[in-house]
Amino acid sequence: MNSVDTDKYSLPVRYGPEMRVLVVGGGIAGLTFTALLQQRGFKPTLVERIPEYGSVGYVIVLWPSGSRILKGLGVYRDLLDVGLQFTTYNVSDEQGQMLHSYSVKSVTEKYGPMLSTYRPDLIDVIKKAVDPGSIRMNTTVEKIDQTNDEVYVTFSDGTEETYDLVVGCDGVRSKTRNMVFGDVPLSHSGMNGWSFWVKPSIAKTLQIAEYWGTGKFFGVWPTKGRLSVFTSIRNDARELDPVESRIDRIQENFKNFGGIVPEILEGLDDPNEIFHGHYNDLIMKKWHKGRVVLVGDAAHAILPTAGGGVSMAMESAAVLADELSRADSKYIEQSFESYMTRRRSRVAKIQTQSRMMGKYVFTNNRFVSSARDFLMRFYSNKFHIRYWDTMLKEPI
Ligand SMILES: Cc1cc2nc3c(=O)[nH]c(=O)nc-3n(C[C@H](O)[C@H](O)[C@H](O)COP(=O)(O)OP(=O)(O)OC[C@H]3O[C@@H](n4cnc5c(N)ncnc54)[C@H](O)[C@@H]3O)c2cc1C
């Protein structure tokens, strides 16, 4: 079925928190959404595929528009404890010559701090706002069938349950999306890269340091007590990245880079501690079908080049929770539409920005990258901050 025909709805109507809600995926969006529903009196169930939360992940930067959601959940102080506020970021060319140092102070003074956190720390913080009894770890969804009235779900442990709605928060390769919407292709940006932690003995910086080369990017991102690296190279082929030769490949790609890059590269010793990924995003016309709706990367994955994907996932979770708080089981599709209407253009803006950044910052055209480096010297703080200011003042 494609949509719910409300005339055919034949069950007693459930209002707001009475609705039976299943959340698939307990990452950033799923946990935020579950906590917000519980705060409103709902009793959702959350299923998470992994057996337990681990230590996988690097640095995540949260905009004030995302982190402020945690104020309402009573865990913002915990976030301040684990996060690092940054005020400056420095852009250099590949030799390490500073092109521009940008201050984000005028934005943070107005809207609140930009915080970098270690992803598992952020998960722990949000989890504090979620009733642990509502989370089923080591569980996924095997089958989803829906009628006009309900959704029937079969879980990986063989159990079956009936819901008024299912919310897919299961990330960029969402199985929920695949089961309900079919195969929706991701858009490959032509970029891939590695993320890893910098050895603690190596040079420290408390500010973000980016090195822009031709078709190559090397970013050093601090969080509390440590530094992580995020790199990118432009390479349209979706090459594999065998672990055994991973370090050689990173060192080869960035061998001409200056600044603190050589010292960081020399310190690489364990390829298993280095994550490799291809950078994709996802633009879907519709984020809901019948009684199933998608949130976060499952609906609108964003390239890492604009650094706002996590905040967008949290904002979307907050807007859907808000819409559901005044919805009912009969007219559920209307609340999904309102959710999309409130979110679509904002998400599209950042997707466009991150694609544009990818094109110019990661260009592999030497002429364009030289022109970029020259122009960066004149690209003032005021211009640079305007994008964030516009995004942060927009109502959500
Ligand atoms: C382990 C991990 C590490 C990451 N590290 C970084 C990082 O260092 N830097 C960065 O910028 N971004 C990172 N990301 C991505 C970033 O967290 C997301 O882009 C962003 O937070 C959007 O949130 P999301 O909740 O939509 O997706 P995610 O945060 O990706 O959460 C999806 C959740 O769904 C679960 N899941 C997936 N499939 C199923 C299924 N079939 N059934 C049940 N559960 C399922 C996953 O285990 C995960 O917990 C990471 C994601 C993951 C999963």
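Applying 1/(1 + (r/R0)^6) with R0 = 30 Å to the Cβ-Cβ distance of Gln251 and Val368, what FRET efficiency is obtained, to the nearest 0.05? Show your work: numbers first, answer last.
On the way: r = 26 Å, r/R0 = 0.85.
The calculated FRET efficiency here is 0.70.
Normalising by the residue count of the chain, find the relative contact order in percent from Cα pairs under 8 Å and 6+ residues apart.
Values: 775 pairs, mean separation 91.8, N = 396.
Over the chain, the number comes to 23 percent.
Would you work out the charge dipole size for the chain about its Cα centre, treating the Cβ of every Lys and Arg as +1 and the Cβ of every Asp and Glu as -1, and quote it to the nearest 20 debye?
Details: 48 positive and 46 negative charges, 275 e Å.
Its charge dipole is roughly 1320 debye.
Please get the size of the charge dipole for the range 56-113, origin at its Cα centre, with Cβ charges of +1 on Lys and Arg and -1 on Asp and Glu, quoted in debye to the nearest 20. Mind dumping the intermediate values first?
Values: 5 positive and 5 negative charges, 73 e Å.
My answer is approximately 340 debye.
According to a simple spin-label model (label point 7 Å from Cα along Cα-to-Cβ), what is the distance in nm between Lys8 and Ser325?
So the label points at Ser325 and Lys8 sit 3.3 nm apart.
Which of the peptides 60-70, 379-389 is most tightly packed, and how do the rest follow, going by the mean number of other Cβ atoms within 10 Å of each residue? Could you put the intermediate results ahead of the total?
Values: 60-70: 23.1, 379-389: 14.2.
Sorting 60-70, 379-389 by mean packing, highest first, produces 60-70, 379-389.
Tell me what the chain gives for mean residue ellipticity at 222 nm when only DSSP H runs of n ≥ 4 count, each as -39,500 (n - 2.57), the sum divided by the residue total, rounded to 500 deg cm²/dmol.
Values: 14 runs with 138 residues, N = 396.
Calculated mean residue ellipticity at 222 nm is -10000 deg cm²/dmol.
Quick check on my link table: of Lys175/Lys289; Lys128/Lys285; Lys199/Lys359; Lys175/Lys393, which ones sit more than 23 Å apart, alpha carbon to alpha carbon?
Values: Lys175/Lys289 14 Å; Lys128/Lys285 34 Å; Lys199/Lys359 31 Å; Lys175/Lys393 34 Å.
Going by Cα-Cα distance, Lys128/Lys285; Lys199/Lys359; Lys175/Lys393 fall outside the 23 Å limit.
Considering only Lys199, Lys128, Lys349, give the residue with the highest GNM mean-square fluctuation for the chain, with springs between Cα atoms whenever their separation is below 10 Å.
Lys349
Provide the percentage of antiparallel DSSP beta bridges, counting only those with both residues in the chain; round to the nearest 5.
On the way: 47 of 64 bridges.
Percent antiparallel among DSSP bridges in the chain is about 75.
FRET efficiency for Thr352 and Ser380, Cβ-Cβ distance as r, R0 = 25 Å, nearest 0.05?
Numbers: r = 22 Å, r/R0 = 0.88.
Efficiency, rounded to the nearest 0.05: 0.70.
So between Lys285 and Asp269, what do we pick up on full extension, going 0.36 nm a residue minus the alpha carbon distance? Walk me through the intermediate numbers first.
Numbers: separation 16, 0.36 × 16 = 5.76 nm, distance 4.40 nm.
Full extension from Lys285 to Asp269 adds 1.4 nm.
Just how large is the dipole of the range 190-344 about the Cα centre, in debye to the nearest 20, putting +1 at every Lys and Arg Cβ and -1 at every Asp and Glu Cβ? Mind dumping the intermediate values first?
Numbers: 19 positive and 20 negative charges, 122 e Å.
Computed about the Cα centre, the dipole is about 580 debye.
Can you tell me the FRET efficiency between Asp145 and Asp124 if r is taken as the Cβ-Cβ distance and R0 is 35 Å, rounded to the nearest 0.05?
Working: r = 35 Å, r/R0 = 1.00.
Efficiency for this residue pair is about 0.50.
Peptides 36-46, 293-303: what's the order by average Cβ count within 10 Å, highest mean first? Spell out each step's value before the answer.
Details: 36-46: 19.3, 293-303: 28.3.
Top to bottom by mean Cβ count within 10 Å: 293-303, 36-46.
Place a label point 7 angstrom from the Cα of Glu239 along the Cα-to-Cβ direction, then list the residues of the range 249-288 whose backbone nitrogen is under 12 Å away.
249-254
Say a site is exposed when it is one of the GluC sites (Glu not before Pro), sits in a DSSP loop, and has at most 14 other Cβ atoms within 10 Å; what is then the longest site-free stretch of the chain?
Numbers: sites that count: Glu52, Glu239.
In the chain, the maximal stretch lacking such sites is 53-238.
Bear in mind these aren't lab numbers, they're just calculated from the coordinates by the rules spelled out. These numbers were taken from a predicted model, which means no experiment stands behind them. Using ideal geometry, Cβ is built from the backbone for each residue, glycine included, and neighbour counts are taken over all protein chains shown.
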